[in-house]
1. Failed condition for A240, given (1) open to solvent by 10 Å² or more (accessible area, probe 1.4 Å); (2) over 18 Å from A365 (Cα atoms), with all others met?
2. Of the residues that sit in the range 158-212 and are under 28 Å from V430 (Cα atoms), among the polar types (S, T, N, Q) and surrounded by fewer than 22 Cβ atoms within 10 Å (Cβ to Cβ), which one is modelled with the lowest pLDDT?
3. Can you tell me which residue in the range 358-398 is surrounded by the most Cβ atoms within 10 Å (Cβ to Cβ), limited to those that are of a type in the set (G, A, S) and modelled with pLDDT under 85?
4. Would you please list the contacts, defined by Cβ atoms under 8 Å and residues six or more apart or on different chains, that run from a residue in the range 23-47 that is over 22 Å from A61 (Cα atoms) to a residue that is open to solvent by 10 Å² or more (accessible area, probe 1.4 Å) and of a type in the set (S, T, N, Q)?
5. Restricting to the range 199-217, give me the number of residues that are more than 35 Å from the chain's Cα centre (by Cα), more than 19 Å from L124 (Cβ to Cβ) and in contact (Cβ under 8 Å) with a residue 40 or more places away in the chain.
6. Looking only at the range 414-446, count how many residues are in contact with a strand residue (DSSP E or B) (Cβ under 6 Å, 6 or more places away or on another chain) and not in a helix (DSSP H, G or I).
7. Tally time: how many residues in the range 420-441 are aliphatic (A, V, I, L, M) and either more than 27 Å from V168 (Cβ to Cβ) or open to solvent by 60 Å² or more (accessible area, probe 1.4 Å) (or both)?
8. Taking the range 399-413 as the search range and keeping residues that are in a helix (DSSP H, G or I) and surrounded by 14 or more Cβ atoms within 10 Å (Cβ to Cβ), which one is modelled with the highest pLDDT?
Amino acid sequence: MTDKTSNQMWGGRFAAGPDAIMEAINASIGFDQRMAAQDIAGSRAHAAMLAKAGIISDSDAEAIRKGLLTVLSEIEAGTFEFSTALEDIHMNVEARLKDIIGEPAGRLHTGRSRNDQVATDFRLWVRDQLDAAETGLLALIRALLAQAEAGAGWVMPGFTHLQTAQPVTWGHHMMAYVEMFGRDLSRVRDARARMNESPLGAAALAGTGFPIDRDMTAADLGFDRPMANSLDAVSARDFALEFLNVASISAMHLSRFAEELVIWSSAQFRFVTLSDRFSTGSSIMPQKKNPDAAELIRAKIGRIFGANVALMMVMKGLPLAYSKDMQEDKEQVFDAADNWMLALAAMEGMVRDMQANVPALEAAASAGFSTATDLADWLVRETGLPFRDAHHVTGALVAMAEQKGCDLPDLSLEDMKSVSDSITDGVYDVLGVHKSVASRMSYGGTAPEQVRAQVARWNEVLG
């Protein structure tokens, strides 16, 4: 088959022939240039260690240090010219370093490989993203705490199956998400601690014969220690998978809250008003105010879930140590990180700006026989009925109220006694929604006093 025929099969994009195809599939500079700062930090630490160990001269190390800073400034200024022919960020930086300082640049790669270099760069990059996620989660948690404190006593319906269940407080609902995002924060910190080991110095896969000091480079780069096995150091990507796992769980929490905000901001619910900063209008319907930020959070989460699955598929069949498949470990992590950080920031902004419609919340809380459980509990406490019997009596009273078109507190005592002679007028003490939530004083319950206690606990934890 001629090159011309082959090129026609591949299409016009690769008209230059197989060499262009190989360059396109092999190059990663189009995306891994995002790790430029981490790559240069790793190289500076490596060069300083090589000099201290007597492997390269101090003058060469100083030339490398200054040259790398020049390269970094060019990249940050946007004047650096990235080359696909040089494949990746590591070779692009090294080639430019050679242009700047000449022969000493060739000594930088002593005692290391691109395998441990990329593993170090990627680990540093993911660690930075975990730090950014911690910042984002803390900001979101504080926004939720502010809402919870303001609305500790506001009554709203609690739902199961999206059906009115029992009255709860706005603050209690906000604190549920504080707990969820608090666990996300814990997972972020756990993941960071677990992945904070340095692959640098593992070389290609077996270590190196040069007398390098891996503890020095690990400390310089902020790692707790060097990784203990060179095969594992260059082939492990579970730190990236754990990042995606943590991101996926957090994204799921964001999506659940986003769904609630979409529902709550609808004309049918009117529980909240989202600010104009996080809403848009309709091009044809002037009355519309669409919760676009919440909807986009809900949609973007799929990209994070997809990235998690994609990297699992890349890694699942790879023998030790390094395979070129692992070049496909970054794009999905980069994309997931971008979308997670954006979703966290957008949700934090929506939470800070949103206004609860307190009258609508209370009206909804009072509807749907939300105090039926309080009635059943009262029958157990005050009349000695077994709970199952009390449940039956309450069900009959709910049916009566439905037939009369009223709520439970609107039934007369005579009506109630027609179902159970043991009911007294004391029952009305528990049938109001405010009385209902105030009675839920068990630890973690919805009572305003409990909500305020949980807010205080979290404020103390966060400092």
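1. Only one criterion in (1) open to solvent by 10 Å² or more (accessible area, probe 1.4 Å); (2) over 18 Å from A365 (Cα atoms) is unmet by A240, namely (1).
2. T164
3. Looking at the filtered set, the residue picked out is S370.
4. From residues that are over 22 Å from A61 (Cα atoms), the pairs are E23/T84; A24/T84; A27/T84; S28/Q327; I29/S83; I29/T84; G30/T84.
5. 3
6. So the answer is 1.
7. 1
8. My answer is M400.
The values are calculated or read from the model by the stated rules, or taken from the named source; none is laboratory data. In this text the structure is predicted, and so the values were computed from the model without any measurement. Neighbour counts are summed over all protein chains in view; Cβ atoms, including those assigned to glycine, are modelled from backbone coordinates with ideal geometry. These area figures cover heavy atoms from the full protein model, side chains too; ligands, DNA and RNA do not enter into them. Shrake-Rupley method; radii C 1.70, N 1.55, O 1.52, S 1.80 Å.
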